[in-house]
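Before I ask anything, let me first share the structure, which is written out below as C-alpha cells.
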Amino acid sequence: VQLVESGGGLVQPGGSLRLSCAASGFTFSSYAMSWYRQAPGKERELVAGITSAGGSTNYAGSVKGRFTISRDNAKNTVYLRMNSLKPEDTAVYYCRAGRAGQSYWGQGTQVTVSS
C-alpha cells in the first residue's frame, strides 16, 4: 500500500496550490479519502474528506470556501485545491485512506505560506 502526496511548496499569502495524493496497492474506489494537516507544535487535524464515490465532502470550518477536495477513481488520485492561502495554513499535509477499521497514511507534503 502506498499513498504519495505531491504539490506542496512555498506560496505567498493569497496564493493557491493543488495537492495530489496518488494511491496504489489497494482498491482506491472503495475507500473514503481525507486530507489532514499538522502544524509545528500542534495536533494533526482533519482538513477535508470525500466519500468513496465522491458524492459527499466535508471540510474544517477554517478552510470551508477556500479549499476543495476531489478525487479521480480512474487515476487512483485524490486532490486538494487550496485557494486564498493564509500563513496559518502552513503545515505538513497528509492524505489518508479509510474504510471499516482500515487506515492508510501518506508521508506528507510541506505547505508553507509566507511572504
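The values are calculated or read from the model by the stated rules, or taken from the named source; none is laboratory data. Please read these numbers as outputs of a predicted model, since none were measured by experiment. Heads up, the Cβs are rebuilt from the backbone with ideal geometry, glycines too, and the neighbour counts pull from every protein chain shown. Protein only, heavy atoms only, side chains kept; ligands, DNA and RNA dropped before computing areas. Shrake-Rupley method; radii C 1.70, N 1.55, O 1.52, S 1.80 Å.
Considering only residues that are more than 14 Å from Trp35 (Cα to Cα) and of a type outside the set (Gly, Ala, Ser), which ones fall in the stretch 67-89?
Once the filter is applied, which keeps residues that are more than 14 Å from Trp35 (Cα to Cα) and of a type outside the set (Gly, Ala, Ser), the stretch 67-89 yields Asp72, Asn73, Lys75, Asn76, Asn83, Leu85, Lys86, Pro87, Glu88.
In addition: Only residues that are assigned to a loop (DSSP other than H, G, I, E, B) and either in contact (Cβ under 8 Å) with a residue 60 or more places away in the chain or among the hydrophobic types (A, V, I, L, M, F, W, C) (or both): list them for the stretch 79-96, please.
Asn83, Ser84, Leu85, Lys86
Out of curiosity, is Asp72 over 19 Å from Leu3 (Cα atoms), out of contact with any Ser or Thr (no Cβ under 7 Å at 6 or more places or on another chain) and not β-branched (Val, Ile, Thr)?
Criteria not met by Asp72.
What are the pairs, 6+ residues apart or on separate chains, where a residue within the stretch 97-115 that is free of Cβ contacts under 8 Å to residues at least 60 places away in the same chain has its Cβ under 9 Å from a residue that is basic (Lys, Arg)?
Ser103/Arg96
May I pose another question? Looking only at the stretch 20-36, how many residues end up being hydroxyl-bearing (Ser, Thr, Tyr), part of a loop (DSSP other than H, G, I, E, B) and open to solvent by less than 70 Å² (accessible area, probe 1.4 Å)?
Adding up the residues that qualify gives 1.
Here is a follow-up. Is it the case that some residue within the stretch 2-19 is among the aliphatic types (A, V, I, L, M), surrounded by fewer than 14 Cβ atoms within 10 Å (Cβ to Cβ) and assigned to a loop (DSSP other than H, G, I, E, B)?
No: zero hits.
Among what's in the stretch 37-52 and is open to solvent by less than 50 Å² (accessible area, probe 1.4 Å) and assigned to a strand (DSSP E or B), pick the residue that is farthest from Ala91 (Cα to Cα).
Selected residue: Ile50.
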